[in-house]
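Reviewing the structure listed below.
The values are calculated or read from the model by the stated rules, or taken from the named source; none is laboratory data. Owing to the predicted nature of the structure, the values given are computational and were not obtained by experimental measurement. Cβ coordinates were reconstructed from backbone atoms using ideal geometry, including for glycine residues, and neighbour counts include every protein chain displayed.
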Amino acid sequence: MSTVAVRASSRLADMLDWLESGTGLGLGEGSHFIRVENFTEEGHGVIRAEIPGIDPNKDVELVVQNDYLTIKGERREEKRDAQHSEFHYGAFARSVRLPQGTDPEEVTATYRDGILEVRFPTATASPEPKSIPVQRPE
């Protein structure tokens with residue numbers, strides 16, 4: 001007689017696996033989700049994207065268009081240890097909104113230790129909001 005083994009599952013772990021797979025995110029077959037953080041530091045906006053296992057000169061393309069930064073490329077990565085081997089291949093893409101009017105010529109990028117860091121000047125303060133009175137014809 002055999003016994004069915006039931007795998008213990010964590011809903012959070014299953015959800016994270018689903019998000020990283022790109023399923024249901026409109027990224028297309030074989031696409032992978034890129035984790036990013038976005039913050040301001042020393043007068044610059046900073047976007048840091050976690051994309052280990054790439055050659056930044058060959059595997060990634062950055063495009064600034066219509067106040068969006070798009071990071072896209074392809075990952076070719078293999079991890080091995082004594083008992084396990086795992087491959088991570090496939091296309092990835094992520095778009096992040098930049099401040100309105102960001103000059104693409106002032107956007108810079110560096111890649112170190114699996115982290116792509118994109119910096120851009122923060123936009124100047126926008127003008128004060130103006131209240132528009134609503135008039136009623138008589």
Query raised in the report: In the range 65-86, how many are in contact with a strand residue (DSSP E or B) (Cβ under 8 Å, 6 or more places away or on another chain), closer than 25 Å to GLU106 by Cβ and assigned to a strand (DSSP E or B)?
Result: 6
Query raised in the report: So which residues in the range 109-121 are surrounded by fewer than 16 Cβ atoms within 10 Å (Cβ to Cβ) and of a type in the set (Val, Ile, Thr)?
Result: THR110, ILE115
Query - Sole exception among (1) modelled with pLDDT of 85 or more; (2) part of a strand (DSSP E or B); (3) among the charged types (D, E, K, R); (4) more than 19 Å from ARG35 (Cβ to Cβ) for LYS58, by number - result: (2)
